[in-house]
Amino acid sequence: MTTVNTKLNRRSFLKVSALAGGGMVLSFSWLAGCKPSPEETLGMPKEWFELNSYIKIGENGAVTLFSPNPEFGSNVKTSMPMILAEELGVNWKQVIVEQADFFPERFDRQFTGGSQGIRQGWIPLRTAGATARAMLIAAAAQTWKVDPKEISTENGHLEHKASGKKVQYGQVASLAATLEVPEEVKLKDIQNFTIIGTSKKNVDGKKIVTGQPMYAIDHKVEGMKYAAIVHPPAFGMRIKSFEKSSLMGMPGIQDVFTIKLFKEGYERNFFDTTTFPEVIAIVGNSTWEVLQAKKAFQAEWENAPESKFTMDAFGNKIPVTVPAGLENTSDHKAKMAEYIQKSGNILRRDGDPEAAFQKAAKVIERTYNAPFLAHNTMEPINCFADVKSDKAVIYGPTQAPEFIMNTLAQALDLPKENIQINLARMGGGFGRRAYSHHMVEAALISQKIQAPVKMVYTREDDMGYGIYRPTYSATYRAALDENNQLVAFHVKAGGIPETPIHPNRFPAGAIDHYLAESWEIPSNITIGAFRAPRSNFIAGAEQSFLDELAEEMGKDPIEFRLELLKRAQTNPVGENNDYDPKRYAGVLELVREKSKWSNPPAGVHRGVSAYFCHNSYVAEVLDLKMEGSTPKVENVYAAVDCGIVVNPDAAANMGEGAIVDGIGNAFFGELAFENGKPTKRNFDQYRMIRQQEAPKNIQVHFVDSTEDPTGLGEPLFPPVFAAVANALYKATGKRLYDQPFQPKLEEMSNLLR
Amino acid sequence: MAIFNLTINGKSKQVDVDPNTPMLWVLRDHLDLVGTKFGCGIAQCGACTIHLDGTAVRSCSLPVSSAEGAEITTIEGLSENGDHPLQEAWIEHDVPQCGYCQAGQIMTAAALLNDNPKPSDEEIENALNGNICRCGTYLRIKAAVKTAAQKL
């Protein structure tokens, strides 16, 4: 049993108080699953008693658990309350789950991103549950005048066995809510878990399948107006002037004006990445009317000059220069090819790589490239805002409310405490909604028109003015000696505008002579987090190269990786290797077993890939079949070590999704630019993976573990790219170096005809 | 603007809108039926799928003027208590991640099962190929359609 000091989390425990029941909408978790039996049905309590920020209990035993983090599909709204419920000791079927609003004084980390929700919530949520349970026990002990140690809890009940006394939590909740928060609490032993590790259905499942309003785009209040945004047509352009009068005569149009997201002198923070700080808003009575006016809108645009500003990156002041110019993908490619030839910034150097390469019997060099990607969340960017003279309510899709609060406060000229951000369920995030300037746009519109407003981007706006996954390139070199053994390894990787390199990850630590270099090319195209940032490219490049190397050395690809990991485990090279070689090898061994690696089904071509990111280890084996000249993914086997799995079936679902996402982006994902304009603006141009291209079968196997949970939303994504590339090599005999693979495959298939 | 008399989920509704207004926005902005989702506006993603006389159509590209006189069904009206076999199967397989596309997926699948109660895997894949799921829940969608088909 672990004892934790609750003082560490004191900030999240407000002075406890008995709260009157509010008029909230309730969603019992069992409503999402099967129909409740009569004894499982609890009425609404007359009164709620708050035990801490996360938990309140009604006098009738109803339990409300607040899920702190924004929900974008990773199912934290189910899994985080499961952790609370486990330590609180309640019947999951009688739990009501509520989305918490953004409330930084009460909750520690209301951020969905970096696969950290469960990892960083693990101890705070368990502590919150255990603390509430301890307070309920103390209340019962006080009532019964017995030693708290003699009281046990089960399924929302407290029992004193010696005297035969038993009550449900609600009966002592009012007293418990007035007691001191204990300084220390004991957490459950892992082997006594009854909720964590069992599959629970999505608490919002029923609402989703019946079309209930849950997303910001569904929100509506009395007197609400609708708004569309017009952006400059290309990166590197800005507004010169626009024509308002003709739009004002269009049906339902109320106003057209520009909004500026940043006031003079405002210092941007790290997530203040926005494409255009000045945009035009069209406001009217319905979505369709404002979209019609948007179509008719006429403006003059001009090239924007270079801009320079300082960005506050969590205390570090970073100078940022946004270059002028209208960029082209062809120029990007040419520039990247130049940088490959130059020396880069050395990030890590072990041994004497230069000498080792000079002495090598054979040097293998390969370069891998990938394009910009758009996030393409299914719910386009949108936001509701209601800004009054002294306060603002913002309801929108955001992964990171904390990172937009300063921006909102300066733009609206309101103190932060007068701005309430409410967290909507998001129709996907994938990193895009870590940048929440849509909230500032909606808020400024509402402030200007003095009415509540819902602002909606079209798909073209969403795809065309994104905060994209950067384009990257990585060049790998390996030196082999006369015995065909690997002696030196060199990676030089860069991108526009950031490098994808993680210099201390595998295979660093496994090779005596190792060099990692980076380069970066500035750009005015905005980039940001995209599911497993940087890893989502570098894993594909590295794991493709290791496959080529294994073949060159005449080794089985899994065996070759295991040999390197053995070296890193027994006699590591260098310092700061930020992976555990044993756990890394563990997932490779598990996927080898589960995929029956050495006995593939007839007619399939197999690729393997493994990667470590977001504190988790994943290995994947992908099988594809050629149907004529078209590759079809048949099976994907994944082995995952992410510590304890809270909600196994939901975890598998997310793993399956990440694999499908990876296959889609490997084959089809691509955004290009011509004169600063994205060449794809909607799904008729930007190819997304669809039902027919999904694999026939995906198996996600989790390593049985008692380690604390680590990331899951991202780690299954990066390895997919090389698993596809390595299988395609087996299928076609041709190594593909440029993502997406589909254009090259079509070219190859035309050559065969 | 013009008055349109519509039959939606078995009920008569009247709206006064521009005749070119797509049903998607009539449902969402004027009738507060927001289960039908906006995804692309050009009939490429399927998030806005509804039934027009039992056939799956993309409401973002269906002007209100073409919908008069037809029986329109949205996700809110697919079943009385959210217990259509597809809705139940979706929960059984815990299909949704973000959930945004799922109403469209279910409406497309419901139209498929109306026409073809025992579809093959290939027929399911073909029917649902027009519905994008960015979260990649395609395998669970297919499994849920098969489960529902068995119960029909």
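Sum up the charges of everything whose Cβ sits under 14 Å from the Cβ of A:Pro81, counting Lys and Arg as +1 and Asp and Glu as -1, but leave A:Pro81 out.
Charge balance in the 14 Å sphere: +1.
On a 28 Å Cα-Cα criterion, which of the cross-link pairs A:Lys596/A:Lys734; A:Lys263/B:Lys37; A:Lys696/B:Lys151; A:Lys93/A:Lys207; A:Lys240/A:Lys342; A:Lys388/A:Lys677 come out too long? Each step should come with its number before you reach the end.
Details: A:Lys596/A:Lys734 25 Å; A:Lys263/B:Lys37 35 Å; A:Lys696/B:Lys151 23 Å; A:Lys93/A:Lys207 17 Å; A:Lys240/A:Lys342 39 Å; A:Lys388/A:Lys677 37 Å.
Over 28 Å Cα-Cα: A:Lys263/B:Lys37; A:Lys240/A:Lys342; A:Lys388/A:Lys677.
Of the options A:Ala356, A:Gly427, B:Ile72, report the single residue whose Cα projects farthest towards the positive end of the charge dipole of the protein assembly as shown (beta-carbon charges: Lys, Arg +1; Asp, Glu -1).
A:Gly427
Mind listing the phi-derived Karplus ³J(HN,Hα) values for the range B:46-58, rounded to whole Hz, using 6.51, -1.76 and 1.60 with θ = phi - 60°, and x for any glycine or proline?
x, 5, 9, 5, 10, 9, 10, 6, x, 9, 6, 10, 8
Hey, if you put +1 on the Cβ of every Lys and Arg and -1 on every Asp and Glu Cβ in chain A, which of A:Ile123, A:Gly464, A:Pro648 ends up farthest toward the positive end of that dipole?
Positive-most Cα among the choices belongs to A:Pro648.
How big is the dipole moment of the range A:411-554 about its Cα centre under a simple scheme where the beta carbon of each Lys and Arg is +1, that of each Asp and Glu is -1, and everything else is neutral? Debye, nearest 20, please. Present the calculation step by step, with values, prior to reporting the outcome.
On the way: 13 positive and 17 negative charges, 205 e Å.
So the magnitude is around 980 debye.
Output the relative contact order of chain A, whole-number percent, from Cα pairs under 8 angstrom with separation of 6+ residues.
13 percent
Which net charge results for the neighbourhood of A:Ser67, defined as the other residues with beta-carbon distances under 12 angstrom from its beta-carbon, given Lys and Arg at +1 and Asp and Glu at -1?
For residues surrounding A:Ser67, the net value is -2.
Tell me, what is the FRET efficiency for A:Gln692 and A:Glu180 to the nearest 0.05, using R0 = 45 angstrom and their Cβ-Cβ distance as r?
Result of the calculation: an efficiency of 0.15.
Which aspartates and glutamates have a Cα less than 14 Å from the Cα of A:Lys492, not counting those fewer than 8 places away in the same chain?
A:Lys492 reaches A:Glu338, A:Glu354, A:Glu365, A:Glu517, A:Glu520, A:Glu542.
Once both labels are modelled 7 Å past Cα along the beta-carbon direction, what's the A:Asp255-B:Glu68 spacing in nm?
Between A:Asp255 and B:Glu68, the simple spin-label model gives 3.6 nm.
How far is the Cα center of the range A:421-439 from the Cα center of the range A:688-753, in Å?
Taking the Cα centre of each part, the range A:421-439 and the range A:688-753 sit 28 Å apart.
For the pair A:Glu747/A:Thr310, report the inter-label distance in nm, with labels modelled 7 Å from Cα in the Cβ direction.
Going from the A:Glu747 label point to the A:Thr310 one covers 4.8 nm.
Taking a quarter of the surface of the Cα convex hull of the range A:471-752, what do you get in nm²?
Averaged projected area of the range A:471-752's Cα convex hull equals 16.0 nm².
Given the pairs A:Lys186/A:Lys391; A:Lys594/A:Lys625; A:Lys200/A:Lys744; A:Lys566/A:Lys594; A:Lys200/A:Lys391, which span a C-alpha to C-alpha distance of over 31 angstrom in this model?
A:Lys186/A:Lys391; A:Lys200/A:Lys744; A:Lys200/A:Lys391, as the Cα separations exceed 31 Å there.
Starting with the highest mean, order A:564-571, A:646-653 by the number of other Cβ atoms within 10 Å, averaged over the residues of each peptide.
Taking the mean over residues of other Cβ atoms within 10 Å, the ranking is A:646-653, A:564-571.
Rank A:Met250, A:Phe545, A:Gln410 by how far each Cα sits towards the positive end of the charge dipole of the protein assembly as shown (+1 on Lys, Arg Cβ; -1 on Asp, Glu Cβ) and give me just the farthest.
After comparing all options, I get A:Gln410.
A:Glu402 to B:Asn114: FRET efficiency via 1/(1 + (r/R0)^6), r the Cβ-Cβ distance, R0 45 Å, to the nearest 0.05?
0.40
Of B:Asn20, B:Asn81, B:Asn114, which has the largest mean-square fluctuation in a 10 Å C-alpha GNM of chain B?
B:Asn81
The range A:591-661: which GluC sites (Glu not before Pro) are DSSP loop and have at most 14 other beta-carbon atoms within 10 angstrom?
none
Averaged over B:27-34, how many beta carbons belonging to a partner chain fall within 10 Å of each residue's beta carbon? Show your work: numbers first, answer last.
Working: counts 0, 7, 9, 3, 0, 3, 3, 9.
What the average comes to for B:27-34 is 4.
Other chains' Cβ within 10 Å of A:66-74 residues: what's the mean? It would help to have the intermediate numbers written out before the result.
Numbers: counts 0, 0, 0, 0, 0, 3, 4, 8, 3.
Average per residue, whole number: 2.
List the aspartates and glutamates whose Cα lies under 12 Å from the Cα of A:Lys188, skipping any in the same chain that are fewer than 8 positions away.
Straight-line reach from A:Lys188, under 12 Å: A:Glu86, A:Glu87.
Along the Cα-to-Cβ line of A:Gln685, 7 Å from the Cα, sits a label point; which residues in the range A:308-345 have backbone N less than 20 Å from it?
A:325-333
Let me understand the range B:2-77 better: what is its radius of gyration from the alpha carbons, and its Dmax, in angstrom?
10.8, 29
For the range B:2-77, what is the charge dipole size about the Cα centre, in debye to the nearest 20, if Lys and Arg each add +1 at the Cβ and Asp and Glu each add -1 at the Cβ?
Values: 5 positive and 8 negative charges, 40 e Å.
The dipole magnitude comes to about 200 debye.
Dipole size in debye (nearest 20) for chain A around its Cα centre, Lys and Arg Cβ +1, Asp and Glu Cβ -1?
880 debye
Work through the residues other than A:Asn285 whose Cβ is under 13 Å from its Cβ and net out their charges, Lys, Arg +1 and Asp, Glu -1.
On the way: positive: A:Lys220, A:Lys225, A:Lys454; negative: A:Asp255, A:Glu289, B:Asp16, B:Asp18, B:Asp29.
Combined, the nearby Lys, Arg, Asp and Glu give -2.
At q = 0.15, 0.28 Å⁻¹, what base-10 log of I(q)/I(0) does the Debye formula yield for the range A:413-477 when every alpha carbon is treated as an equal point scatterer in vacuo?
Listed by q, the Debye log ratios stand at -0.66, -1.43.
Excluding residues on the same chain fewer than 8 positions from A:Lys165, give the aspartates and glutamates whose Cα lies under 19 Å from its Cα.
Within reach: A:Glu59, A:Asp147, A:Glu150, A:Glu154.
With springs only between Cα atoms under 10 Å, which of B:Gln44, B:Gln14, B:Gln87 fluctuates most in a Gaussian network model of chain B?
B:Gln14
Using packing as a proxy for protection, rank A:125-133, A:691-699 so that the peptide with the highest average count of other Cβ atoms within 10 Å comes first.
Listed from highest to lowest mean packing, they are A:125-133, A:691-699.
Since every read-out is calculated from the coordinates, none of them should be taken as a lab result. Predicted, not measured: the structure shown is a model, and the values here were computed from it. Counting neighbours? That spans all protein chains shown, and the Cβs are built from the backbone with ideal geometry, glycine included.
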